[in-house]
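Below is one structure, written out as structure tokens, with a few remarks after it.
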Amino acid sequence: HEIYPLNKCLSGQESVELNCKMKFAVYLPPKAETGKCPALYWLSGLTCTEQNFISKSGYHQSASEHGLVVIAPDTSPRGCNIKGEDESWDFGTGAGFYVDATEDPWKTNYRMYSYVTEELPQLINANFPVDPQRMSIFGHSMGGHGALICALKNPGKYKSVSAFAPICNPVLCPWGKKAFSGYLGTDQSKWKAYDATHLVKSYPGSQLDILIDQGKDDQFLLDGQLLPDNFIAACTEKKIPVVFRLQEGYDHSYYFIATFITDHIRHHAKYLNA
């Protein structure tokens, strides 16, 4: 059905939070022609744009079947002319980490957390046939981290959450330490506000059903970037239901995502269409 890669009516929307033009992709299922549908937000990983998921994950059949509007934003502001924004693949452009930066020179533009949780949904609700009361969120890697923190920081806002190979405990991994020290400064107590493993410990227990798939042969898992065991332990302690599936023979790629995407969309549809 219809995919708006840049979206007909909103292409290059000027973002208030990010002070730059932002692209996002929107998929409308056939059901959207006759009524409002739930919204499912996808957050991508490092180096991605709004296009990766739309072109590689094979989500449409399942989204169409369940009648879900799928929204995929970009992973950072673009072209802000900040010194150093394009120097590395895991910080700056393509690596917003879904936080609201507090440090210069990033704090003016790098506000992906507020963009994803507030500004973008308002824009989507105002311009597309979505039901504002029914939204869920999922993502991959850095975006899996993003999905988990958005759900955990906003009890009741999202009906469900899931993730593929998420960065579960960024305060303890190299990617997270680099990004958080740059965006949030050296006071590590401030980092915990954007760490799923820490957020789960203070989650007030409104119903949240978490699904996580992780490839067993994922190099980033083996390198200690993802740390799912820490998150699972925190969930178990708080009695928060999480289904964690370690998938034999899969790595960190979109092939892994495409293999299990149907399960994830079904997981969200169960709550969004309830």
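Within segment 78-127, track down each residue that is within 24 Å of residue 158 (Cβ to Cβ) and hydroxyl-bearing (Ser, Thr, Tyr). Answer for segment 78-127, where residues must be within 24 Å of residue 158 (Cβ to Cβ) and hydroxyl-bearing (Ser, Thr, Tyr): 98, 110, 113, 114, 115, 117. Once segment 132-147 is narrowed to residues that are open to solvent by less than 10 Å² (accessible area, probe 1.4 Å) and polar (S, T, N, Q), the residue that is farthest from residue 251 (Cα to Cα) is 136. Could you list, ordered by first residue, the pairs with Cβ atoms under 7 Å in which the first is in segment 1-30 and more than 16 Å from residue 62 (Cβ to Cβ) and modelled with pLDDT of 80 or more and the second is β-branched (Val, Ile, Thr) and open to solvent by 60 Å² or more (accessible area, probe 1.4 Å), at least 6 apart or interchain? Every condition considered, the pairs that remain are 19/108. Would you mind stating whether residue 41 is buried (at least 18 other Cβ atoms within 10 Å of the Cβ), among the aromatic types (Phe, Trp, Tyr) and modelled with pLDDT of 95 or more? Considered against the rule, which asks whether it is buried (at least 18 other Cβ atoms within 10 Å of the Cβ), among the aromatic types (Phe, Trp, Tyr) and modelled with pLDDT of 95 or more, residue 41 comes out as yes.
Identify, from the list 224, 176, 182, the residue that is over 27 Å from residue 269 (Cα atoms) and within 16 Å of the chain's Cα centre (by Cα).
Only one candidate qualifies: 176.
Only a single item in (1) under 21 Å from residue 130 (Cα atoms); (2) of a type outside the set (Phe, Trp, Tyr); (3) in a loop (DSSP other than H, G, I, E, B); (4) open to solvent by less than 10 Å² (accessible area, probe 1.4 Å) is not met by residue 63, and it is number (3).
Scan segment 160-177 residue by residue and report those that are among the aliphatic types (A, V, I, L, M) and buried (at least 24 other Cβ atoms within 10 Å of the Cβ). Within segment 160-177, 161, 163, 165, 167 qualify.
Residue 171 falls short on exactly one of the conditions (1) more than 16 Å from residue 268 (Cβ to Cβ); (2) touching a Gly at 6+ places or on another chain (Cβ under 8 Å); (3) touching a residue at least 24 places away in the same chain (Cβ under 8 Å), and that condition is (2). Selection of helices (runs of 4 or more DSSP H) fully inside segment 165-274 by the criterion of at least 1 residues being closer than 14 Å to residue 144 by Cβ and small (Gly, Ala, Ser) returns 174-184, 196-201.
Filtering 236, 259 for residues that are more than 18 Å from the chain's Cα centre (by Cα) and open to solvent by 80 Å² or more (accessible area, probe 1.4 Å) leaves a single hit, 236. Here segment 36-54 is the region considered, the condition is being closer than 22 Å to residue 220 by Cβ and of a type in the set (Gly, Ala, Ser), and the residue that is nearest to the chain's Cα centre (by Cα) is 44.
The values are calculated or read from the model by the stated rules, or taken from the named source; none is laboratory data. Since we're looking at a predicted model, the values are computed, not measured. When we count neighbours, we look across all protein chains shown, and the Cβ atoms used for this are built from the backbone with ideal geometry, even at glycine. All accessible areas refer to the heavy atoms of the entire protein, side chains included, with ligands and DNA or RNA removed. Shrake-Rupley method; radii C 1.70, N 1.55, O 1.52, S 1.80 Å.
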